[in-house]
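Contents: one structure, followed by commentary.
The values are calculated or read from the model by the stated rules, or taken from the named source; none is laboratory data. Small disclaimer: the values here were computed from a predicted structure and weren't measured. Here the Cβ positions follow ideal geometry from the backbone for every residue, glycine too, while neighbour counts run over all protein chains shown. Accessible surface areas use protein heavy atoms only, side chains included; no ligands, DNA or RNA. Shrake-Rupley method; radii C 1.70, N 1.55, O 1.52, S 1.80 Å.
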Amino acid sequence: MKFWRLPKRANNCQPETSAVEAQEIISGSIEQKIAQIQKAVSHTEDMKLQYFNRGGQSCVFMYLEPLVNQEMIQSNMVKPLLDTDSLNMDQISASTEVKHSSSLSHIIKSLLEGFCIVIREHHDEAYLISAGQWQGRSIEEPKNEQILKGSHDGFIESLNTNLYLIRRRIKSPRLKVKFYTLGRITNTRIAMVYMEGIAEPNIIAECEKRISSIELDYLYSAANLDEMIEEHPLSPFPQTLQSGRPDRTVSYLMEGKINLIVDGSPVVLILPITFFSFYQSADDYYHRWIAGSFFRLIRLISFILAISLPAFYIAVVTYHSDVLPFGILYSIKVSLTYVPFPPLMEAITMQFILELLKEAAIRLPSPISQTIGIVGGLVIGTAVVEANLVSNTMIVVIALTAIASFATPLSEFGTSLRILGFPTMLAAALFGFFGIAMMMMVIFIHLCKIETLGVPFFAPFGPFRDKNKGKDLLLRLPIWTHSNGQVQKQASFFKRWKRT
């Protein structure tokens, strides 16, 4: 089923119905015009009015106080009007954007975007003067995607700033931006960014179709948009990559992928995405290709460890103890002598405690969270072992599993791996190695089955595609192997090598 095709609406939320739809053109006396606008914005008390008289005509400034720059209004509008009898706002406010409109819906939309409205007596057309102010934090590196080398800037909550960070890196006329507005109440702006001529037209059309099919009352984060456009909501794996790094999003743009930027969200949705993209880090491309390939292989190995290591321990202890050397088997059996619980209960309990510690460390202030993480882990780990509730070996297994899940560059994917660990442990407790093999088969079949915007999630291995498309998957090969001048670069390299 295509879940993204279904319209969704927030509970207890009705579609936005106001006087904007009932009365489209402002008309009448100046007081009647003001009343129409105030009714359309529900008589909100942060609407400010400033009356003045010029050329024998009554006029009024109207604006929403939290959205405008008061100093700009005084310097660019009020002061010039006091110095002249002219009412030509195009000349008085030459340094700011000025529009004309008599449409009530257009006026209300401009008010909510930080415009100042100037209404004149005996004139149905109003001036819309840009006076917006946007308070935002400074550009800084995202804390959940920190790297050792490379740029240290990141996206913030401003849509225009995020577009600036992308355009600063791609100075090309082929970079195309399309704007959408979603949410009948919030009217949230969304920007779809892609490279014209590089991104596949059918993928662009599919993405536009999914965005246009969304019906909802509010949209306030990229996560909301992600849930609306994903094709397999029951899958444990994320089907879009959320990144706060401009360098990473730009690299995916150059590969033909699409960026979706939501105003008010500090992350960008990248799609279509594949499984291997979640194990690629920006650090891979700032190191030499040998080091980058080594780090990536470690991360890919951590995928298997995070899912199957506790299950492997449970299967060995319960059914297949003969596969271990006698020395290791003896140590494990000694540690299990006084433990009253089966290995499955041990593993589930320790995984649960690990998640509790992680959640507590995230919610608490930074200085306290570090103390909770270190002291809580040491104290609880030591206490449960001394109380013979959990074996020493299980502590080691769970610790290695946690480290393997945290090795993924994106924490969301690591959470998916820890969730998949629970059914794998249950299968190992019931059927041993056979249960693990069956669960891993189910996981990989699922990876090969799901798609994002028509692109297989496990491409190019499921289904298998041309080998040239897999140069940047398992290994991070030299950058010149991906460029258009690959043949020339290789030829010049071998020519130099032959001369020496």
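Observations on the model:
- A single entry from 156, 198, 190, 166 fulfils the requirement of being out of contact with any Asp or Glu (no Cβ under 9 Å at 6 or more places or on another chain) and of a type in the set (A, V, I, L, M): 166.
- Matching residues, segment 259-274, being in contact with a strand residue (DSSP E or B) (Cβ under 8 Å, 6 or more places away or on another chain) and either farther than 23 Å from residue 472 by Cβ or part of a loop (DSSP other than H, G, I, E, B) (or both): 261, 262, 263, 264, 267, 272, 273, 274
- Evaluation of residue 151 against (1) open to solvent by 20 Å² or more (accessible area, probe 1.4 Å); (2) outside any loop (DSSP other than H, G, I, E, B) (one fails), failing number: (2)
- Test: residue in segment 237-253 that is among the β-branched types (Val, Ile, Thr), open to solvent by 10 Å² or more (accessible area, probe 1.4 Å), over 25 Å from residue 157 (Cβ atoms) and out of contact with any strand residue (DSSP E or B) (no Cβ under 8 Å at 6 or more places or on another chain): no
- Within segment 212-236, being over 12 Å from the mean Cα position of the chain (by Cα), buried (at least 18 other Cβ atoms within 10 Å of the Cβ) and within 23 Å of residue 161 (Cβ to Cβ) holds for one residue alone: 219.
- Of all residues in segment 171-183, those that are of a type outside the set (Gly, Ala, Ser) have Cβ atoms under 9 Å from Cβ atoms of residues that are open to solvent by 80 Å² or more (accessible area, probe 1.4 Å) and assigned to a strand (DSSP E or B), 6 or more apart or on another chain, in 179/189; 180/189; 181/189; 182/189.
- Residue within segment 180-194 that is open to solvent by less than 80 Å² (accessible area, probe 1.4 Å), under 22 Å from residue 285 (Cβ atoms) and in contact with a strand residue (DSSP E or B) (Cβ under 8 Å, 6 or more places away or on another chain) present: yes
- Candidates 424, 401, filtered to the one that is modelled with pLDDT of 90 or more, of a type in the set (Val, Ile, Thr) and either closer than 26 Å to residue 242 by Cα or open to solvent by 50 Å² or more (accessible area, probe 1.4 Å) (or both): 401
- Condition check for residue 373: closer than 21 Å to residue 310 by Cα, at pLDDT below 75 and in a helix (DSSP H, G or I): no
- Any hit, segment 41-48, residues being on the phi < 0 side of the Ramachandran plot, at pLDDT below 85 and not small (Gly, Ala, Ser): no
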